[in-house]
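The values are calculated or read from the model by the stated rules, or taken from the named source; none is laboratory data. Just so you know, these numbers come straight off a predicted model, no measurement behind them. Cβ coordinates were reconstructed from backbone atoms using ideal geometry, including for glycine residues, and neighbour counts include every protein chain displayed. Areas reflect the complete protein model, heavy atoms only, side chains present, ligands, DNA and RNA absent. Shrake-Rupley method; radii C 1.70, N 1.55, O 1.52, S 1.80 Å.
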Amino acid sequence: MREKADGGPSVGRGGEPAGRPSNVTECDNPTSTPAPNASPGGTAPGDRSAAELRDYHAAFTVARTAMALVDREGRLLAANQALGSLLGTAPGRLADRRAADVVALDGDEGVRDAFRDVLRGGRDRLRSTCRLKHPDGRPLWAEVTFDAVRGQRAPAGNGTAALLSVEDVSEHRELAARLRHLEIHDPVTLLPNRTLFFERLEAALRSPGGSRLGICYLDLDGFKAINDTLGHGIGDRLLAAVAGRLLTCVEDGGHLAARLGGDEFALLVEESQDTEQVTALADAVLAALQRPFDIEGHRLAVSASIGVVERPAAGTSPTGLMQAADTTLYWAKADGKGRWTLFDPERNAHRMTRQALSSTLRQAVERREFVLEYQPLVALDSGMLRGVEALVRWEHPQFGRLAPNRFVGLAEEDGSIVQLGRWILAESCRQARTWQQDHPDRPLFVSVNVAVRQVWDSDLVGDVAAILAETGLPPDLLQLELTESAVMGSAGRPLQALHALSEMGVRIVIDDFGTGYSNLAYLSRLPVAALKLDGSFVHGFRSREHPNPADETIVEALVDLAHRLGLTVTAECVESAEQAERLRGIGCDTGQGWFYSRPVAAEHIKAMLGGS
């Protein structure tokens, strides 16, 4: 009869012999024949197996790592003292319990399947983190490992399928949770930071189809001045106070309030009901921030500009949503601050088009994508063609033919108007010279618009002189138009340039006269040859049945004043014979508008000259 593995009592299942523990069996190797290479005095395989078994059982019992042996049915054969202490029970009471119950594996179907694979020998190891219950009642996080036991020489014996090891990782888990909290929260306001905001946003966008969401993206108005004058300490306390009011605004709806950086905050409305819900939240924020803040004896006032976006989650990306919110916030600031603005797809499309045009404007000048059209200026007394105004058009490869109001402002902003204006000037003079050579008896002047930036940022006088010399156009056939707001405030270099051009023989015209400063004293000091009345004055001449006496009186006075100063007057936007007749009666010299002709290509002007 074999000797017992140890003298301890059995902790196996009922019905098994009590002579040895059922959870620790000897290896199934009855032979005592020495191995072929064993020395005559060596230990027989059976004796060595018994020794290994005793060593294993002793190590298992006293190990500090919580362990248990698991049979092929997934039940515990035996547990050591460390596991009993971890779970607050005697090791013997754990025998025959389901391992999945002991370490809470049933909550995850994938983990259960992997556990069964270990028991069947389909995989060597399973490692999982589980939430258990500590004896004192607090949650206990444990890292659970199942290692498959294989082979006849395995110390655990034939009945064992796996070795269970359990390590308490609660402290590590708590430390990781604290670090994670610090990682995703702002230290100044204690609000969720940009990282957590985008995690929640991405999760909301992955929600089932049909759901909607909204964002209030806000920026504090006036915060920089407070931060710069009172210091960052006061600024940080103000941000924390603002965060407190934002939390009050979102607490009823359970929405997320986050600080994205600086003085920028965002409110995320998941499962939004409609646009009105999000705009109501924006109204609540504006109202909450209206009350002054008392920070360390300072009574501070800030407002907010808020961009509001609300849309279905389906088909929306975090980047696209935040771009829309950022654009709308910019609109709110541009519209006057202290307000919210709702995202407008049409307005955004216009902005995108504007941006696309701005980014390609300089290259378009180099690629010569611009063309000129010419609108006739006609003598009101005789109906004769006296001159033309050059009007630039952009033949855009994507957007088609664009009028000047779509891109000239952009060109002035980025400075490309200097290069574009030089091309317009050169092309206009070249074309005017061609008309002059073809019809020497019909001198036709060309009128070219000049932007203020051309006067400041380029050598306009030098450019004009060089172009006139290159094309051979007489200076008196070139007319330069500057807006009233630009000319009336001229001083220094612009004024010198105007005088130099006038002395050269070029005519200077004030465009859109009557819409700017209307400082008439400047007319006596500037080298101006003509005035162009803004088209708004001509609108009062549309019908004798519905006249506008004020417009007619103003125009008559301006024409009389101009003539007394030796200036000629052109009326823009003439659309009917009646308007032309009444303007002629008042004394306007020339007219321009659709009544005479729309802007046309140079060939049409040539035909007009040839037919007269």
Next item on the list: For region 337-370 and region 176-214, compute the distance between their C-alpha centroids and round to whole Å.
Entry: 32
Checklist line | Cα-based reach from K224 at 26 Å (exclusive), listing lysines while leaving out same-chain residues under 8 positions away | finding: K333, K337
Next item on the list: Report, as a whole number in µm² per second, the diffusion coefficient that Stokes-Einstein gives for region 312-366 at 20 °C and 1.002 mPa s using the Kirkwood radius over alpha carbon pairs.
Entry: 166
Margin query: With θ taken as phi - 60° and the coefficients 6.51, -1.76 and 1.60, list the Karplus ³J(HN,Hα) couplings across region 126-140 in order, rounded to whole Hz; mark glycine and proline as x.
Written below: 10, 10, 8, 9, 10, 9, 10, 10, 6, x, 7, x, 7, x, 10
Next item on the list: Quick one: what are the phi-derived ³J(HN,Hα) couplings along region 161-175, Karplus 6.51/-1.76/1.60 with θ = phi - 60°, whole Hz, x for glycine and proline?
Entry: 9, 7, 9, 9, 10, 10, 10, 6, 10, 4, 5, 4, 5, 5, 5
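Solvent-accessible area per residue for region 120-273 at a 1.4 Å probe radius, Å²? Mind showing how you got there, number by number?
On the way: 7820 Å² over 154 residues.
Here the residues of region 120-273 average 51 Å² of exposed surface.
With every protein chain kept in place and ligands, DNA and RNA left out, what is the accessible area per residue of region 352-401? Probe 1.4 Å, answer in Å². Spell out each step's value before the answer.
Values: 2490 Å² over 50 residues.
Solvent-accessible surface per residue comes out at 50 Å².
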Margin query: Give me, ordered by chain and number, the residues 5 or more places off D221 or on other chains with an amide H under 5 Å from its own placed amide H.
Written below: S303, A304, S305
Check: For region 219-274, with equal point scatterers placed on the C-alpha atoms only and solvent neglected, what are the log10 I(q)/I(0) values from the Debye formula at q = 0.18, 0.20, 0.28 1/Å, to two decimals?
Finding: -0.64, -0.74, -1.13
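So between A607 and R98, what do we pick up on full extension, going 0.36 nm a residue minus the alpha carbon distance?
Values: separation 509, 0.36 × 509 = 183.24 nm, distance 10.18 nm.
Full extension from A607 to R98 adds 173.1 nm.
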Checklist line | Point-to-point label distance, T195-E366, nm (Cα→Cβ direction, 7 Å offset) | finding: 4.3
Checklist line | Separation of the S576 and D168 label points, Cα + 7 Å toward Cβ, nm | finding: 9.7
Note to self: Suppose each label sits 7 Å from its Cα in the direction of the beta carbon; what would the S303-R116 distance come out to in nanometres?
What the structure shows: 6.6
Check: Just from the alpha-carbon atoms, what are the Rg and Dmax of region 112-220 in angstroms?
Finding: 22.1, 74
Next item on the list: Return the ratio Rg/(2.2 N^0.38 Å) for region 388-500, where Rg is computed over Cα atoms only.
Entry: 1.11
Notebook entry, point to check: Arranged from highest to lowest average of other beta-carbon atoms within 10 Å per residue, in what order do the peptides 99-109, 171-181, 451-461 appear?
Noted result: 451-461, 99-109, 171-181
Note to self: Can you tell me which lysines have their Cα less than 23 Å from the Cα of K532? Leave out same-chain residues fewer than eight positions away.
What the structure shows: none
